[in-house]
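The values are calculated or read from the model by the stated rules, or taken from the named source; none is laboratory data. This one's a predicted model, so the numbers in the text were calculated from it and none came from an experiment. Neighbour counts are summed over all protein chains in view; Cβ atoms, including those assigned to glycine, are modelled from backbone coordinates with ideal geometry. SASA here: full protein model, heavy atoms, side chains in, ligands and nucleic acids out. Shrake-Rupley method; radii C 1.70, N 1.55, O 1.52, S 1.80 Å.
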Amino acid sequence: MSDTVNGRELIGCIEQLGELAWAKFETRYPTFSIKGSPPSSEDRSGRPPYASFRFEHEIADVINKIQDAVKRYQGNVEWAMEGHQRVSFPDTTNWMICPKKMLEVKQLARAQDLTPGQYLEKSDPEFGPVAYTDMLNLTAHLQREFGL
């Protein structure tokens, strides 16, 4: 497993498919700066990676191709892509690509007032590192699918 996997790799690939209006991803080693203190880093390797994004101008064919590529990917982790319609901005969708396992534990996590990533970090601490490594393979798969 490489420490160079930071969680942004998948967003970097998606950015090549169109301008993003918004993006968010789980960072493996986030750095925090609190006023008056030196920056500190935290190891979040146990929380599986995800990539959330919204295109500035969404193209249905691109979304469909990403969804198909994610479904066809066969690696060590099963990945899923789901959309969330934004209520305050009709006709816009935030998309998330994540390990399918994160979607499966969503209700269990909520019951414990945790995010799915926090839940998996506690219940299956080895899953996060495996998912980070596999995310690189998923990213390479998407790059091949789109000829990047």
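Under 17 Å from G117 (Cβ atoms), open to solvent by 40 Å² or more (accessible area, probe 1.4 Å) and touching a residue at least 40 places away in the same chain (Cβ under 8 Å), is that true of K65? Spell out how you get there, then give the answer.
Details: under 17 Å from G117 (Cβ atoms): no; open to solvent by 40 Å² or more (accessible area, probe 1.4 Å): yes; touching a residue at least 40 places away in the same chain (Cβ under 8 Å): yes.
The answer is no for K65.
Could you run through the stretch 121-142 and say how many residues are over 16 Å from T27 (Cβ atoms), open to solvent by less than 60 Å² (accessible area, probe 1.4 Å) and in a helix (DSSP H, G or I)?
Let us first name the residues in the stretch 121-142 that are over 16 Å from T27 (Cβ atoms), namely 122-127, 130, 134, 137-138, 140-142.
Those left that are additionally open to solvent by less than 60 Å² (accessible area, probe 1.4 Å): 124, 127, 134, 138, 140-142.
So of that shortlist, the ones also in a helix (DSSP H, G or I) come out as 127, 134, 138, 140-142.
The qualifying residues number 6.
Please specify each residue of the stretch 24-68 satisfying the condition of being closer than 16 Å to T139 by Cα and aliphatic (A, V, I, L, M).
A51, V62, I63, I66
Please specify each residue of the stretch 6-20 satisfying the condition of being open to solvent by less than 50 Å² (accessible area, probe 1.4 Å) and not in a helix (DSSP H, G or I).
Here is the first cut: in the stretch 6-20, the ones open to solvent by less than 50 Å² (accessible area, probe 1.4 Å) are 7, 9-14, 17-18, 20.
Answer for the stretch 6-20, where residues must be open to solvent by less than 50 Å² (accessible area, probe 1.4 Å) and not in a helix (DSSP H, G or I): G7, L17, G18, L20.
When you look at E104, is it over 19 Å from R44 (Cα atoms) and either open to solvent by 40 Å² or more (accessible area, probe 1.4 Å) or over 12 Å from the mean Cα position of the chain (by Cα) (or both), yes or no?
Working: over 19 Å from R44 (Cα atoms): yes; either open to solvent by 40 Å² or more (accessible area, probe 1.4 Å) or over 12 Å from the mean Cα position of the chain (by Cα) (or both): yes.
Yes.
What's the number of the condition R110 fails, among (1) assigned to a helix (DSSP H, G or I); (2) under 16 Å from A80 (Cβ atoms)?
(2)
Would you check if there is a residue in the stretch 76-93 being open to solvent by 60 Å² or more (accessible area, probe 1.4 Å) and part of a helix (DSSP H, G or I)? Don't jump to the end; show me each part of the working.
Narrowing the stretch 76-93 to residues open to solvent by 60 Å² or more (accessible area, probe 1.4 Å): 76, 78, 82, 84-85, 87-91.
Going one step further and asking which of them are part of a helix (DSSP H, G or I), we end up with none.
Within the stretch 76-93, not a single residue is open to solvent by 60 Å² or more (accessible area, probe 1.4 Å) and part of a helix (DSSP H, G or I).
List every residue pair whose Cβ atoms sit under 6 Å apart, with the two residues 6 or more apart in sequence or on different chains, where the first one lies in the stretch 30-59 and is over 24 Å from F127 (Cα atoms) and open to solvent by 20 Å² or more (accessible area, probe 1.4 Å) and the second, anywhere, is part of a loop (DSSP other than H, G, I, E, B) and at pLDDT 80 or above.
Close Cβ pairs (under 6 Å, with a partner that is part of a loop (DSSP other than H, G, I, E, B) and at pLDDT 80 or above) amount to S33/P39; E56/E19.
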